[in-house]
Amino acid sequence: MEKQNAVKPFGMSDKIGYMFGDFANDFTFILASMFLMKFYTNVMGISGAAVGTLFLVARIVDAFTDVAMGRIVDTVKPAKDGKFRPWIRRMCGPVALASFLMYQSGLAGVSLGVKMVYMYVTYLLWGSVFYTSINIPYGSMASAITSEPSERTALSTFRGIGATLAGLVIGIVVPFFVYDSDNNMVGSRMTIIAGVFAVCAVVFYIICYKCTTERVKIEKSSDEAQVSLVQAFGEVFKSRALLGIIGAAIFLLLSQLLIQSMNQYLYPDYFQNAKMVSLWSTLQSLSSLLVSLFTVQISKKFGKKESAAAGVAMTGIVYLALYFMHTDNAMLFTLVSAAGFIGVNFFNMVIWANIIDVIDYQEVRTHHREDGTIYAVYSFARKLGQALAGGLGGYVITAVGYDVTAKVQSGEVLDGIYMASTLLPAIFLFGVVIMLVFVYPLNKKKVEENAAELKRRREGK
C-alpha cells in the first residue's frame, strides 16, 4: 500500500532540486556527447572508428550494469533518507572524478596502446559504473516524489530545463574556451574545463539531494511473493508501452547526439567557424526554455504522446529541408536548425513523464511496481542510442575520409560531413514519429485511466 509520511507537500523545492539533478548529470553526459569524440580523435590521436568501437563495447557492459543497478534499487531496503536519494549522496563524487579523468591531455604523447587502455578504463568507469549508479536512482526517484500525473509532468519539465541549462552552459563556454584561432581543440584547456564541470556537478547533485523529498512509499504486502529477476524481465519486455518509448528514445538519441557530435566537425571544417557552435547551442537551448513555459499546458490539452509526435515530425522536416538546401551560410543553417529543434525540445521536456506513465501502466497490468528495473532497461536503451550515435559518428567520419592531420578537408569529405549532419538525423527523427504513433500506446486517455485505476487500488476502493 502507498503511504504518505508527515512531510512537506510537493512544491517548488522538489522541482528545483530535481532540475539540479539533471543539471549535474549533464555536466558530464552532454560534455561527453558533444566533445569526447573530438577530444579522442583530435587531441589524443585515436581514430574515429576506434572511438566508435569503444562506445559500442561500453553499451554491452551497460547491459549488465544497468540491469544490476535497477534490481538493486528495487530490492535493497530503503535508508533513512529514502529509497533513491541515498545513491545521489553516495555516488556524486565518483561519477564527477571519473568524468574528469577521461579528459587528460597530458597522456597525448604516450603510446597508442597505453592511450587505448586508459580510454577504455576511464570511460567504462564513468559511463558503465558510476553514471549508472547515480542516474538510475535519480530517474526512478520522480515516482517517489509525487503520485500526481500533472506534478510528474512538472518534474519532467524541470528535469528538461536542467538538461537545457547544462547544454546552454556547455555549448557556450566550451567552444570559446577550448578552440584556438585556427579552430583546433586545445587539449590542456579541455582538461581544465572538464575539472571545473566535475566540481559543479558535485555541487548540483548535493542541491538535488537536499531539496527533494521522497513522500510516496510503495510497500509490499506480507503475502506478496517476491518477483524474481526472470519474472520481472519477462513482464517488462511484454510491455508495448516500454518497447515503444525505448524505440522512440533510441531514434531520438541517434538524431540528437549525432547532430551534437557532427557539429564539432560541421562548424570547424565545413563552415570554417568553430565558435558558431556556441550560437547554435544557445539558440536551441533558448527555444527549449521557451517550450518549457507551455509544456504542462500543452500536455494536459493534447496529451504527451500526441504533442511529442507532432513536434518531432516538425524537426524532421526542417532537417530534411536543410539537407536539400545544402547551404554554406553558417548563420542561415544555425537559425533554421535551432528553430526546428523546438519539436525535439518539447519531447525532451516530457519524455521522463512518459517513463513514469510506463511504470504506472506496468503496475496496472501486473500488480507489481518495478521502478528501478523499468528505468534501468530504459536507461540502457538511452545509452545504446548514445553509443550508436557516437559509433555512427566515428564510422561516418572515417567513411567520408576525414583526415585528422589535414588543416583543410577535401570537398568530398565536407559534403559527407554535411550529409551526416542533416539527412541522417532527419531519417532518425521520422523513426521517432513512427514509434510514437504506431507502437507506443499511452495516449492522453489511457494515461488518465491508468492514474485513476492506481488511485482506486491504493485507496482500497
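The values are calculated or read from the model by the stated rules, or taken from the named source; none is laboratory data. Everything numeric in this text was worked out from a predicted model, so none of it was measured. Cβ atoms come from the backbone with ideal geometry, glycine included; neighbour counts cover every protein chain shown. Calculation scope for accessible area: heavy atoms of the full protein, side chains included, ligands and nucleic acids excluded. Shrake-Rupley method; radii C 1.70, N 1.55, O 1.52, S 1.80 Å.
Okay, here's what the table says:
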{"item": "Selection within region 223-241 - buried (at least 22 other Cβ atoms within 10 Å of the Cβ) and modelled with pLDDT of 65 or more", "result": "A241"}
{"item": "Boolean, S181 is part of a loop (DSSP other than H, G, I, E, B) and either touching a strand residue (DSSP E or B) at 6+ places or on another chain (Cβ under 6 Å) or open to solvent by 30 Å² or more (accessible area, probe 1.4 Å) (or both)", "result": "yes"}
{"item": "Among (1) assigned to a loop (DSSP other than H, G, I, E, B); (2) open to solvent by 40 Å² or more (accessible area, probe 1.4 Å) - the single one R369 does not satisfy", "result": "(2)"}
{"item": "Any hit, region 433-445, residues being closer than 26 Å to L31 by Cβ and of a type outside the set (A, V, I, L, M)", "result": "no"}
{"item": "Residue list for region 248-294, restricted to those being under 19 Å from N42 (Cα atoms) and β-branched (V, I, T)", "result": "I259, V277"}
{"item": "Single match in Q362, Q386 (criterion: under 30 Å from V129 (Cα atoms), open to solvent by 10 Å² or more (accessible area, probe 1.4 Å) and of a type outside the set (A, V, I, L, M))", "result": "Q386"}
{"item": "Residue under evaluation G401, criteria (1) over 30 Å from N184 (Cβ atoms); (2) not in a helix (DSSP H, G or I), criterion not met", "result": "(1)"}
{"item": "Qualifying residue in region 451-459 (condition: touching a strand residue (DSSP E or B) at 6+ places or on another chain (Cβ under 8 Å), surrounded by fewer than 18 Cβ atoms within 10 Å (Cβ to Cβ) and more than 18 Å from Y270 (Cβ to Cβ))", "result": "yes"}
{"item": "All positions within region 178-222 that are modelled with pLDDT under 85 and of a type in the set (V, I, T)", "result": "V216, I218"}
{"item": "2 or more residues of a type in the set (F, W, Y) and open to solvent by 40 Å² or more (accessible area, probe 1.4 Å): qualifying helices (runs of 4 or more DSSP H) within region 56-173", "result": "85-102, 112-124"}
{"item": "Meets criteria (within 25 Å of W352 (Cβ to Cβ) and among the polar types (S, T, N, Q)) for T398", "result": "no"}
{"item": "Number of the exception - V400 against (1) crowded, with 18+ Cβ neighbours inside 10 Å; (2) aliphatic (A, V, I, L, M); (3) touching a residue at least 40 places away in the same chain (Cβ under 8 Å)", "result": "(3)"}
{"item": "Only listed residue being closer than 30 Å to M141 by Cβ and of a type in the set (F, W, Y), chosen from F380, F430", "result": "F380"}
{"item": "Subset of region 256-282 (residues that are in a helix (DSSP H, G or I) and among the hydrophobic types (A, V, I, L, M, F, W, C))", "result": "L257, L258, I259, M262, L266, M276, V277, L279, W280"}
{"item": "Flag if I16 is within 16 Å of A201 (Cα to Cα), under 19 Å from the mean Cα position of the chain (by Cα) and buried (at least 20 other Cβ atoms within 10 Å of the Cβ)", "result": "no"}
{"item": "Odd one out for S147 among (1) of a type in the set (S, T, N, Q); (2) touching a strand residue (DSSP E or B) at 6+ places or on another chain (Cβ under 6 Å); (3) modelled with pLDDT of 90 or more", "result": "(3)"}
{"item": "Which numbered condition K115 fails, given (1) closer than 25 Å to M262 by Cα; (2) modelled with pLDDT of 90 or more; (3) under 15 Å from the mean Cα position of the chain (by Cα)", "result": "(3)"}
{"item": "In region 277-290, residue farthest from the chain's Cα centre (by Cα) [restricted to those that are open to solvent by 20 Å² or more (accessible area, probe 1.4 Å) and without any contact (Cβ under 8 Å) to a residue 60 or more places away in the chain]", "result": "L279"}
{"item": "Positions within region 17-49 being among the small types (G, A, S), part of a helix (DSSP H, G or I), modelled with pLDDT of 90 or more and under 30 Å from V110 (Cα atoms), in sequence order", "result": "A32"}
